[in-house]
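Asker: I have a structure I would like to understand better, so I am pasting it below and will then ask my questions one at a time.
The values are calculated or read from the model by the stated rules, or taken from the named source; none is laboratory data. Quick caveat: nothing in here was measured; it's all calculated off a predicted structure. As a convention, Cβ positions derive from the backbone with ideal geometry for all residues, glycine included, and neighbour counts pool all protein chains shown.
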Amino acid sequence: MAIETKDIPVRGKQEATVTKEPTFAGPVFSPAVDVFEDDNAIVIVADMPGVSSETVNIDLRDDVLTITGVPVVSDRPEEEFLLKEYETGKFFRQFSLSETIDQGRISATLHQGVLRLTLPKVGPAKPRKIPVQEA
Amino acid sequence: MMIRRMGGWPMWDEAVTAPFAELDRIRRELSRLVESTLPTRTVRPSAGVYPLLNVSHDADNYYVRAEIPGMNLNDFEVSATGRSVSIAGERKIAPEGEQVKYHRREREGGKFRRQLTLPSDINPDNVRARYQHGILMVILPKANHAKPKKISISE
């Protein structure tokens, strides 16, 4: 029996809400992300089609993680567009991190436009039960 | 009595003799203005089918591009016939294990299929496809009889 697989719904690119005034031309998009964590690390997976390892930038300061990426454009000027359903532009997204991150051990990989960022937590994250005493 | 003319356009004589021609001219002028001021944001309403496509052409080829990040080459199925191209596949999002706790889950996986008819015939034997940085590009050479011919003009 064939396994049921759902179809991908079509979703236009989400334009990023940039609060600061941009100093560059063109639209800015917010990449679709998965964010999850286990006891050891927080992992962020972001879809950034067109972005290469040279054009992606990850920055962490004051507990704010900023991901930016500029897509590598392959169109040539002599091409004339017949149909344009998506636009290309810079990717931008910020995350505020609550856990303490071991900044020296952050690692990132990029595979076919998918960025995977592993942010290891500092120290052994043991579940700690805090006893509460009846007063 | 003075008849005022706007910017040297023949507003009076022609407007009387051919009012519809004048309206037509204004309509053309306006659409030309609109087109010239909005050349960068030309995104048209899409077919509502994943993946979204950008299609362009030059003298020799059609170029079909789609943003489908994170695929393996084996999961694509691209085919072309005399005038159409079909892009299908399955985008697999690998499970991350039982222990993880999700905060955000925006990336979508699943099957997709999209077919596109091109404005003129192509040469299906020489179609090439490239997948780089998560963007699929299919290059479809135009059939010889569909290419523009340069006509030499003699005196």
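So that you can scan it fast, the table gives a plain yes or no per residue for (1) at pLDDT 90 or above; (2) closer than 24 Å to A:ALA32 by Cα; (3) within 10 Å of chain B (Cβ to nearest Cβ):
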residue	(1), (2), (3)
A:ASP63	no, yes, no
A:PHE92	yes, yes, no
A:ARG116	yes, yes, yes
A:VAL122	no, no, no
A:ILE130	no, no, no
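Asker: Something else about it: Can you pull out the residues in the stretch B:136-150 that are at pLDDT below 90 and part of a loop (DSSP other than H, G, I, E, B)?
Answerer: B:LYS147, B:PRO148, B:LYS149, B:LYS150
Asker: Just wondering, is there one or more residues in the stretch B:61-77 that are at the interface with chain A (Cβ under 7 Å from one of its Cβ atoms), touching a residue at least 40 places away in the same chain (Cβ under 8 Å) and at positive phi?
Answerer: yes
Asker: Shifting gears a bit: From the list B:TYR50, B:TYR63, exactly one residue is farther than 22 Å from A:SER52 by Cβ and either of a type in the set (Phe, Trp, Tyr) or at pLDDT 95 or above (or both). Which is it?
Answerer: Criteria check complete, one pass: B:TYR50.
Asker: Hey, could you check the stretch B:90-135 for residues that are touching an Asp or Glu at 6+ places or on another chain (Cβ under 7 Å) and in a loop (DSSP other than H, G, I, E, B) and say which is farthest from the other protein chains (Cβ to nearest Cβ)?
Answerer: Step by step, filter the stretch B:90-135, then rank; the result is B:LYS92.
Asker: Within the bounds of the stretch B:23-42, is there any residue that is modelled with pLDDT of 60 or more, more than 30 Å from A:ARG11 (Cβ to Cβ) and part of a loop (DSSP other than H, G, I, E, B)?
Answerer: No, because not a single residue in the stretch B:23-42 is modelled with pLDDT of 60 or more, more than 30 Å from A:ARG11 (Cβ to Cβ) and part of a loop (DSSP other than H, G, I, E, B).
Asker: Hey, another quick one. Tally up the residues in the stretch B:97-128 that are small (Gly, Ala, Ser) and either more than 30 Å from A:VAL56 (Cα to Cα) or at pLDDT 95 or above (or both), please.
Answerer: Residues that pass the stated criteria total 1.
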